[in-house]
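Structure record follows, encoded as structure tokens.
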Amino acid sequence: MTKVLVVDDEPQIRRALRTSLEAHGYEVAAVGTGEEGVLYVADSAPDLVFLDLGLPDIDGTEVVRRVRAFSEVPVIVLSVRDSSHDKVGALDAGADDYVTKPFAMEELLARARATLRRRASADPSPPLLSFGRLQLDLARRLVTRDTEVVHLTPTEYSLLEALATNPGKLLTHQWLLRKVWGQGYGSETTYLRTYIRALRRKLGDDASAPALILTEPGVGYRWVAEPST
């Protein structure tokens with residue numbers, strides 16, 4: 001049974017999440033402070049954490065940082081804070097996803113399933129990734145669409161690889177810039193948008209109805225294509 005930890009200072013939220021999650025087959029523990037949350041992760045190693053940011057003792061972003069010092073447990077932030085600053089801060093600290101309150105339980109469960117799937121398949125990426133008409137040969141750094149080679153620049157390929165090897169995960173501007181261009185980058189969002197636009201054009205992805213790369217306004221991008229079986 002999948003063990004889930006809920007860290008939220010509102011008893012009604014803890015009760016509601018426990019009821020819904022247990023009804024869907026999860027084993028649930030719930031605590032009301034950040035310190036309790038960090039200790040529970042250290043002692044009990046849950047499979048997934050739902051974390052509020054506005055805790056009475058330490059901020060949720062600091063909880064993520066402390067947990068990341070010793071654990072790779074998936075963390076989904078649940079918060080009334082909807083500013084890009086708060087989202088980016090939590091994600092850059094190591095959170096896997098961010099859901100704004102109020103939320104639909106169906107969406108939260110879908111995010112949980114997606115996050116757990118990513119962690120379950122977090123072994124080294126297979127040499128060949130398939131997403132419908134698109135294929136990435138990681139060993140040969142070759143991209144094909146309908147068996148036709150897609151000619152990408154080295155930077156475009158590195159950006160595509162960073163996205164496609166983290167399917168479903170919300171990747172911040174700063175993370176992508178540092179991953180693709182290096183640690184000296186982090187704030188050149190216009191630069192990143194230019195490359196995303198070029199990549200979409202070459203992959204045939206429509207920004208208004210994306211099948212591959214979804215824009216999370218003010219925060220980053222998410223690879224939404226489902227892998228082919």
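The values are calculated or read from the model by the stated rules, or taken from the named source; none is laboratory data. Note that the coordinates shown come from a computational prediction; the quantities given were computed from them, not determined experimentally. A quick note on method: Cβ atoms are made from the backbone with ideal geometry, for glycine too, and the neighbour counts reach across all protein chains shown. What goes into the accessible areas is simple: the full protein's heavy atoms, side chains included, and nothing from ligands, DNA or RNA. Shrake-Rupley method; radii C 1.70, N 1.55, O 1.52, S 1.80 Å.
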What's the number of the only condition in (1) at pLDDT 90 or above; (2) more than 22 Å from Glu35 (Cβ to Cβ); (3) within 15 Å of the chain's Cα centre (by Cα); (4) not in a helix (DSSP H, G or I) that Ala122 fails to meet?
(1)
Those residues of region 186-216 which are open to solvent by 80 Å² or more (accessible area, probe 1.4 Å), free of Cβ contacts under 8 Å to residues at least 12 places away in the same chain and either in contact with a strand residue (DSSP E or B) (Cβ under 7 Å, 6 or more places away or on another chain) or farther than 20 Å from Gly132 by Cβ (or both), in sequence order
Thr190, Arg193, Arg197
Which residue, of Val88, Val67, is β-branched (Val, Ile, Thr) and open to solvent by less than 20 Å² (accessible area, probe 1.4 Å)?
Val67
Sort out for me the helices (runs of 4 or more DSSP H) sitting completely within region 137-217 that have 3 or more residues that are within 22 Å of His85 (Cα to Cα).
173-181, 189-203
Output for Cβ contacts, cut-off 8 Å, separation at least six or different chains, first residue part of a strand (DSSP E or B) in region 24-47, second small (Gly, Ala, Ser), reads Ala29/Ser44; Val31/Gly37
Taking region 4-26 and the residues there that are closer than 15 Å to Pro74 by Cβ and out of contact with any helix residue (DSSP H, G or I) (no Cβ under 7 Å at 6 or more places or on another chain), the one that is surrounded by the most Cβ atoms within 10 Å (Cβ to Cβ) would be Leu21
